[in-house]
Amino acid sequence: MNDNKEKWIEQVLGSMEGSTRAVPSDQLFAKIKRGLHPKHKTIPMERLRVAVAAAALLFLLNGITIYQQFQGTSTSAETTYLENNGQNLVSNYNFYK
């Protein structure tokens, strides 16, 4: 059985002897090459400047917030709570009566 299988394999491989390799037309080959190497997209300088400015603004705001947290300054919510003499906004928590 192995002999038949090996003969068949040799026969299939031998059938390709003398055949030529397929060659695409020049137009098709150029189209394939263009598809493989697309042009690089560039970021416009204006868009890059906006992104850098937005990132700088975020870093600045984060820095100010962290600085205020470490300095112990009160926020507007704390100020509002203290202005109400420390009273709760809801004095009775029985919602279903």
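Residue-wise test of (1) at pLDDT 85 or above; (2) assigned to a loop (DSSP other than H, G, I, E, B); (3) out of contact with any Pro (no Cβ under 6 Å at 6 or more places or on another chain).
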position	(1), (2), (3)
ILE32	no, no, yes
GLY35	no, no, yes
ALA51	yes, no, yes
ALA54	yes, no, yes
LEU58	yes, no, yes
GLY63	yes, no, yes
TYR67	yes, no, yes
THR80	no, no, yes
GLY86	no, yes, yes
So in segment 1-30, with the set limited to residues that are in a loop (DSSP other than H, G, I, E, B) and among the β-branched types (Val, Ile, Thr), which one is surrounded by the fewest Cβ atoms within 10 Å (Cβ to Cβ)? THR20
If we keep just the residues of segment 37-49 that are assigned to a loop (DSSP other than H, G, I, E, B) and of a type outside the set (Val, Ile, Thr), which is nearest to the chain's Cα centre (by Cα)? LYS41
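The values are calculated or read from the model by the stated rules, or taken from the named source; none is laboratory data. All values derive from a computational prediction rather than experimental measurement. When we count neighbours, we look across all protein chains shown, and the Cβ atoms used for this are built from the backbone with ideal geometry, even at glycine.
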